[in-house]
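Notes for the one structure printed next.
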Amino acid sequence: MATLKINGERVDVDVDASTPLLWVVREQLGLTGTKYSCGIGICGSCTVHVDGAAVRSCTLPVSELAEGQEILTIEGLSANNDHPVQQAWAELDVPQCGYCQPGMIMAAAALLTENAEPADTDIDAAVTNICRCGTFNRVRRGIHLAAEIKKNGGAS
Amino acid sequence: MSKARIAVSRREFIIRSTTAGAGFALGLTLPGLPRTALTAEGTGGTDWAADPEGPEINAWVVIQPDDTVVIRIARSEMGQGTLTGLAQLVAEELECDWSKVTTEYPTPGENLRRDRVWGSFSTGGSRGIRDSHAYVRKGGAVAREMLIQAAAEAWDVPKAECSAEASVVTHGPSGRTTTYGQVAKAAAKLWPPEHVELKDPEDWELIGKPVKRLDTLDKLNGKQIFGADLTLPGMLNAAVKACPVFTGKLDSFDDSKVRDKPGVRAVLAVGDNAVAVVADTWWQAKTALDALPVTWNKGPHADLSSAAIDEMLDEGLTSGEQVFVGNASGDAEQGLAGAAKTIEAVYAYPYQNHATMETMNATAVWTPERCEVWCPTQDGMAALEAAAEAAGLPIEQCDVHKIHLGGGFGRRGAFHDFVTQAVLIAKQLPDTPVKLLWTREEDMAHGHYHPITKCKLVGGLDESGDLTALKVRISGQSILASVRPEWMAEDGSDPVTFQGFHADGDHAISYGVANLLVEHAMRNPPVPPGFWRGVNINQNAIYLECFIDELAHAAGKDPLAFRRKLMAEHPKSLAVLETVAEKAGWGKPAANGAHRGLAVVKTFGSYVAACAEVSVSDGKVKVQRIVAATDPGYAVNPQQIEAQVEGSFVYGLSALFQGECTIENGAVVQSNFHDYPSMQIADMPDVEVIVMPSGGFWGGIGEPTIAVAAPAVLNAVFAATGQRLRRVPLKSVEL
């Protein structure tokens with residue numbers, strides 16, 4: 001049994017302590033926006049925020065999370081699909097198949113929290129997610145546009 | 001026969017067919033499973049089949065009373081934008097309000113019941129739009145005429161006095177108006193007109209417009225359900241492991257070791273080569289499977305290795321056995337013998353995995369009377385056939401619900417091994433929905449790989465350095481021999497092997513060479529090949545475009561000028577090539593000391609070219625910038641074409657730099673993204689896309705540009721370093 005705080009709500013989950021956060025989120029809580037793809041912490045499809053930082057949830061056992069830690073999944077990023085990153089992504093039609101995009105968006109959102117105006121090199125270092133359709137150019141433009149939206153007082 | 005009687009009989013047909021659909025869905029023992037919930041979550045549609053009185057105008061168009069326009073899409077959306085493009089084609093002729101358009105997938109079972117009214121469901125070969133544009137536009141046009149006629153009849157005015165625009169019908173003389181939603185029910189009762197005129201391309205308003213995708217918003221907040229995300233009431237989860245050695249079988253497993261693990265419900269053989277653990281959650285199933293002792297009967301290929309395959313292909317480079325001619329003109333041997341200078345080179349291209357981000361998966365429920373499957377598939381009809389076969393039921397008692405794909409790239413089109421497995425598992429647990437999800441490791445071990453080939457090219461130059469003879473010998477694997485033997489030519493050759501070398505057609509060579517011979521020595525190692533985004537043009541374009549570059553340098557000529565001289569008969573190819581060269585600044589120094597390379601192909605019916613700029617420092621290649629041009633004839637949605645062209649460089653350059661599956665002990669060595677890496681954003685060059693539709697034909701978009709990615713970069717690497725890299729991938733190459 002673990003007690004977690006996910007998207008602002010405290011939840012008790014009855015799982016083996018070694019279960020990765022990804023599978024708790026997907027299978028216990030039904031929040032399937034966070035994706036499985038590699039399971040070894042490389043591709044970033046499973047990216048969520050823990051206390052504001054982007055983490056790979058597929059290799060993070062729930063036992064390593066302390067009770068008060070704030071976990072944010074794509075479903076909790078905004079109430080109305082209007083986080084600056086989501087606004088920018090909609091404006092530029094970023095997703096193709098879309099499977100990696102929740103992770104991509106969570107990585108981008110965490111970067112912007114930490115760095116309001118990331119340079120291209122900051123994006124290169126922070127967004128290491130894999131996308132096989134090939135959305136990278138629009139992802140990059142999307143992050144710059146989201147920074148602008150945020151600066152101009154867009155919802156967050 | 002009066003119009004009314006015809007209308008009634010047509011109506012009866014629709015009611016009969018859709019009632020059959022509804023009855024089918026209800027016949028399933030899935031308590032508490034509303035079909036609407038499934039479609040809303042899973043396939044993004046409305047509950048049309050359960051509503052035989054619903055305002056279906058025809059198979060392609062449903063208009064709701066609130067003016068919502070539901071456009072039916074038979075092909076699959078896997079990121080390539082086909083869903084939006086096809087909807088644009090229908091909407092263009094329908095004259096509807098684009099802001100009111102939504103889409104839904106009809107099921108393959110419904111297609112069978114309605115005499116295949118939606119045609120092909122196959123989504124591959126960059127054919128989504130180019131193969132179906134005529135009949136989907138006609139579907140929109142027919143619906144428009146019926147809606148106008150319904151309004152005219154309601155007003156009791158001649159139809160010719162009425163017109164439609166943006167979902168509003170107007171009676172010209174009186175100025176009266178009504179909306180599609182208001183006349184839809186009456187229109188649905190009319191018999192469709194036999195002949196409709198499609199619009200002249202010059203009158204298109206929606207086709208050619210860079211409208212936003214229809215499927216973006218749900219992809220931003222986690223709402224988009226992929227196959228891997230599906231949840232059904234009472235559903236169990238399965239993890240599977242098949243014999244890692246190709247053609248090997250399951251020998252035995254000791255389920256006593258995992259039966260008592262938390263959540264485990266069953267440990268099952270799946271067919272003759274795999275074992276599955278079924279549990280309450282997938283994580284429980286996966287961890288139990290990891291702990292399950294399994295022995296395999298590895299079969300005859302347990303010693304297969306990449307080294308052995310390499311030898312097999314090397315032999316084919318010069319052998320006279322199993323050799324087929326794909327294109328020939330003049331006399332290549334004589335041309336070479338008489339050449340002032342001959343150049344020879346051997347290139348090699350490896351096995352590659354599709355590596356869709358979403359691993360293979362399917363959800364199935366089986367009863368003695370019914371089988372239903374939910375899955376991401378590039379070909380719903382093929383998925384249905386696979387489901388019926390595995391279920392052991394007549395196809396009429398099965399159906400497949402298509403779900404958006406987390407990547408397809410060819411893996412989910414010709415192969416439905418994941419559907420077969422899911423059904424075989426579900427069949428052992430009747431009445432229980434089971435979701436099968438492959439691990440990435442399983443996905444890497446059991447792909448249908450980009451085929452392996454090598455290619456030896458010999459070119460002859462005359463005194464003035466012009467190409468007079470070219471001999472091309474491809475050695476390696478045929479996709480069709482393994483996957484579609486019925487598509488092979490009468491002489492036993494595989495025409496798909498020659499993509500990019502054909503004399504004419506969708507994949508024609510872009511050069512006129514007086515003495516040409518292109519051959520394929522078919523060598524088929526026991527590794528399952530598949531159609532892989534771009535198929536055989538990917539390596540064939542490397543072979544030809546890099547070798548042309550070699551010939552140009554050997555002739556002491558500029559690669560653009562050398563090509564231009566061979567392209568007199570290929571003006572559209574030349575046009576895209578000249579465009580990228582000009583836009584990139586060919587002939588002038590590139591920024592930051594970068595060097596340039598060119599490539600051009602005609603493939604999947606489109607003309608594409610790229611100019612790459614690369615720099616090399618500390619032995620590492622950095623692709624700085626790419627200028628790419630595409631002439632697809634008609635450009636349905638230019639901004640989606642741009643996205644596909646940009647994305648093609650990710651797929652193509654990942655393949656060039658990193659993509660390789662090697663074989664040891666009969667199995668694929670690579671197991672996940674740590675040893676089968678894929679590009680990240682830091683590696684991504686700037687891409688400038690030029691969409692230059694010349695009109696008059698329909699070319700593909702999703703694949704062509706992949707073909708020019710690698711050769712343009714390889715030619716630029718040569719320009720930068722003087723090194724000719726002839727073996728893909730480059731990851732282990734030292735520069």
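In table form, for the structure just shown:
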read-out	value
The stretch B:379-425 versus the stretch B:579-653: alpha-carbon centroid distance in Å	37 Å
Heavy-atom surface of the stretch A:2-75, accessible at 1.4 Å and reported per residue (Å²)	37 Å²
Shielding of B:636-644 by partner chains, average beta-carbon count, 10 Å	2
Shape call, the stretch B:497-655: gyration tensor on alpha carbons, a/c limit 1.5	rounded
Area accessible to solvent at B:Arg127, 1.4 Å probe radius, in Å²	90 Å²
Label zone at B:Phe697 (point 7 Å along Cα-to-Cβ), backbone N below 12 Å, the stretch B:642-673	none
Efficiency of FRET between B:Thr342 and B:Asp115 - r from beta-carbon atoms, R0 56 angstrom, step 0.05	0.45
For the stretch B:107-156: rounded, prolate or oblate by the Cα gyration tensor [a/c cutoff 1.5]	oblate
Computed helical MRE - 222 nm, the protein assembly as shown, DSSP H runs ≥ 4 contributing -39500 (n - 2.57), nearest 500	-9000 deg cm²/dmol
Cβ-defined net charge surrounding B:Glu315, 9 Å radius [Lys, Arg +1; Asp, Glu -1]	-2
Vicinal HN-Hα couplings computed from phi for the stretch B:238-253 (Karplus, 6.51 cos²θ - 1.76 cosθ + 1.60; Hz; Gly/Pro x)	10, 10, 10, 9, 9, 3, x, 7, 4, 6, x, 10, 6, 9, 7, 8
Compactness of the stretch B:169-254 as Cα Rg over 2.2 N^0.38 Å, two decimals	2.21
Semi-axis lengths, Å, the stretch B:120-214, gyration tensor of Cα atoms, sqrt of 5 times eigenvalues	29, 15, 12
Carbon plus sulfur fraction of accessible area for the stretch A:84-151, probe 1.4 Å, in percent	49 percent
Amide proton proximity set for A:Glu70, modelled H, under 5 Å, gap of 5+	A:Asp51
Above-threshold pairs, the threshold being 19 Å between Cα atoms, out of B:Lys341/B:Lys456; A:Lys35/B:Lys286; B:Lys557/B:Lys588; B:Lys249/B:Lys454	B:Lys249/B:Lys454
For B:Thr705, net neighbour charge (Lys/Arg +1, Asp/Glu -1) across residues whose Cβ lies under 14 Å away	-4
Sequence-distant residues sharing a close amide H with B:Arg265 (under 5 Å, placed H)	B:Val278, B:Ala279, B:Asp280
Kirkwood-Stokes translational diffusion coefficient of the stretch B:55-163, alpha-carbon pairs, 37 °C, 0.692 mPa s, µm²/s	226 µm²/s
Tensor-based shape of chain A (alpha-carbon gyration tensor, a/c under 1.5 rounded, otherwise prolate or oblate)	prolate
DSSP H segments from chain B that extend 30 Å or more along their own axis, Cα-based, with Kyte-Doolittle mean of 0.0 or above	B:3-26, B:133-155
Model label zone, B:Arg727; criterion: amide N under 18 Å from point 7 Å along Cα-to-beta-carbon; scope the stretch B:430-454	B:452-454
Compactness relative to 2.2 N^0.38 Å, alpha carbon Rg of the protein assembly as shown	0.96
Karplus (6.51, -1.76, 1.60) ³J(HN,Hα), θ = phi - 60°, over the stretch B:588-594, in Hz, Gly and Pro reported as x	10, x, 7, 5, 6, x, 6
Solvent-accessible surface ranking, highest first, for B:Trp532, B:Trp296 at 1.4 angstrom	B:Trp296, B:Trp532
Where labels lie 7 Å past Cα in the beta-carbon direction, separation of B:Ala269 and B:Ala503 in nm	5.3 nm
Two-decimal ratio, the stretch A:2-75, of alpha-carbon radius of gyration to 2.2 N^0.38 Å	0.95
Rg over Rh [alpha-carbon atoms, Kirkwood Rh] for the stretch A:84-151	0.91
Cut-off under 5 Å, modelled amide H: who pairs with B:Arg114 long-range	none
Cut-off 12 Å (backbone N to label point 7 Å along Cα→Cβ of B:Leu735), residues of the stretch A:129-156	none
Distance from the stretch B:290-333 to the stretch B:83-115 (C-alpha centre basis), Å	44 Å
Total accessible area lost when B and A pair, probe 1.4 Å, Å² to nearest 100	4400 Å²
Hz values of 3J(HN,Hα) by residue in the stretch B:215-230 - Karplus curve (6.51, -1.76, 1.60), Gly and Pro given as x	10, 7, 4, 5, 8, 9, 10, x, 6, 4, 8, 9, x, 5, 9, 5
Equivalent ellipsoid semi-axes - Cα gyration tensor, chain B, angstrom	45, 36, 21
Simple label model, 7 Å out from Cα along Cβ direction - B:Met235 to B:Glu153, nm	4.3 nm
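The values are calculated or read from the model by the stated rules, or taken from the named source; none is laboratory data. Just so we're clear, the structure is a prediction, and the values are computed from it rather than from any experiment. Note that we place each Cβ from the backbone using ideal geometry, even for glycine, and neighbour counts take in every protein chain shown. Surface accessibility is based on the protein's heavy atoms, side chains included, excluding ligands, DNA and RNA. Shrake-Rupley method; radii C 1.70, N 1.55, O 1.52, S 1.80 Å.
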